[in-house]
Amino acid sequence: MKEKKALCICASGMKNGKKEGISRRICRILEDNQTKKGISARTVELRDFLLSPCNECGRCFQERHCVQDEDFNRLYGQILEADYLFFVSPHHAPVPARLCMLLEKMERIASFQRQKEPSGRPELWGKLAGIISHAGGGERELMTCKAMVNDTIADVLERVGVKVVPFNSRWNTGISFAAACKETEKGTFPVQEYDWEQIAEETGMYVEIVVQTSRTLYAIL
């Protein structure tokens, strides 16, 4: 049986120096959980890609890739190779800029493929994705984070043919985690304290749900 591959897309653009960022730490938990299941999992950080916005040239209609952005093509190639996708993003009005550019071009290419392909299906059709978002501000921010980050990403993924796996009936577009923020010295970011035991537990559960969803779909097909 062919080895399953998972790609964790870390959307945070923050350079943390000596400290590991929240998004990257969640990706590491995702990697660990999938590796235990025999899945080849790796993380890509969007801050390492010099993505550019779509300029509506329309040449991807014929070329099937972006003629302006080799970094996007390199990343998109990895997305095509993956069986599972996980998007991990902080809440940034609503999502970080590089993630916006990635989703924009994925949607543009898929829209042309729907017109050209005899099946009407883009090449990403049928892939499974999980979405994990995080924000400061405590529990009151959870549903805002879901609406702004998870639902936004899920809307685009649905249009490119990727199935977003729900966590449960309430969290139908993935899961969100919120931190309690403590004030620090003037001029610096507040300290965000996350419940990492909860994050590890629920992230592990989410990986299991995605994998089981894949097995169910495979049995049906």
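Below, the figures for the structure above:
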{"quantity": "Hits in segment 113-131 (condition: within 18 Å of the chain's Cα centre (by Cα) and part of a helix (DSSP H, G or I))", "calculated": "none"}
{"quantity": "Any chance ALA110 is open to solvent by less than 10 Å² (accessible area, probe 1.4 Å) and part of a helix (DSSP H, G or I)", "calculated": "yes"}
{"quantity": "Residue within segment 112-122 that is at pLDDT below 95 and within 25 Å of VAL207 (Cβ to Cβ) present", "calculated": "no"}
{"quantity": "Positions within segment 127-150 being touching a residue at least 40 places away in the same chain (Cβ under 8 Å), open to solvent by less than 50 Å² (accessible area, probe 1.4 Å) and either among the aliphatic types (A, V, I, L, M) or touching a helix residue (DSSP H, G or I) at 6+ places or on another chain (Cβ under 9 Å) (or both), in sequence order", "calculated": "LYS127, LEU128, ALA129, GLY130, ILE131, ILE132, SER133, HIS134, ALA135, GLY137, VAL149"}
{"quantity": "Sole residue being touching a Pro at 6+ places or on another chain (Cβ under 6 Å) and at pLDDT 95 or above, chosen from VAL164, VAL156, VAL149, VAL210", "calculated": "VAL149"}
{"quantity": "Top-ranked residue of segment 132-146 - restricted to ones that are assigned to a helix (DSSP H, G or I) and modelled with pLDDT of 90 or more, ranked as farthest from ILE209 (Cα to Cα)", "calculated": "THR144"}
{"quantity": "Any pair with Cβ under 7 angstrom, 6 or more apart, that starts in segment 202-217 at a residue that is farther than 11 Å from LEU30 by Cβ and of a type outside the set (Gly, Ala, Ser) and ends at one that is outside any helix (DSSP H, G or I) and open to solvent by less than 60 Å² (accessible area, probe 1.4 Å)", "calculated": "GLU202/ILE175; ILE209/VAL165; ILE209/PHE167; THR213/LEU128; THR213/VAL165"}
{"quantity": "Close pairs (9 angstrom Cβ cut-off, 6 or more residues apart or separate chains): at negative phi and among the charged types (D, E, K, R) in segment 82-107, open to solvent by 10 Å² or more (accessible area, probe 1.4 Å) and in a strand (DSSP E or B) anywhere", "calculated": "ASP83/LYS5"}
{"quantity": "Those residues of segment 73-107 which are out of contact with any Leu (no Cβ under 7 Å at 6 or more places or on another chain), part of a loop (DSSP other than H, G, I, E, B) and of a type in the set (A, V, I, L, M, F, W, C), in sequence order", "calculated": "ALA93, VAL95"}
{"quantity": "Some residue of segment 74-92 being open to solvent by 80 Å² or more (accessible area, probe 1.4 Å), farther than 29 Å from GLU141 by Cα and polar (S, T, N, Q)", "calculated": "no"}
{"quantity": "Filter result for GLU185 (modelled with pLDDT under 95, out of contact with any Asp or Glu (no Cβ under 9 Å at 6 or more places or on another chain), open to solvent by 10 Å² or more (accessible area, probe 1.4 Å) and over 19 Å from ILE22 (Cα atoms))", "calculated": "yes"}
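The values are calculated or read from the model by the stated rules, or taken from the named source; none is laboratory data. Remember, predicted model here, so these are calculated numbers, not experimental data. All Cβ positions, glycine included, derive from the backbone under ideal geometry; neighbour counts span all protein chains shown. SASA here: full protein model, heavy atoms, side chains in, ligands and nucleic acids out. Shrake-Rupley method; radii C 1.70, N 1.55, O 1.52, S 1.80 Å.
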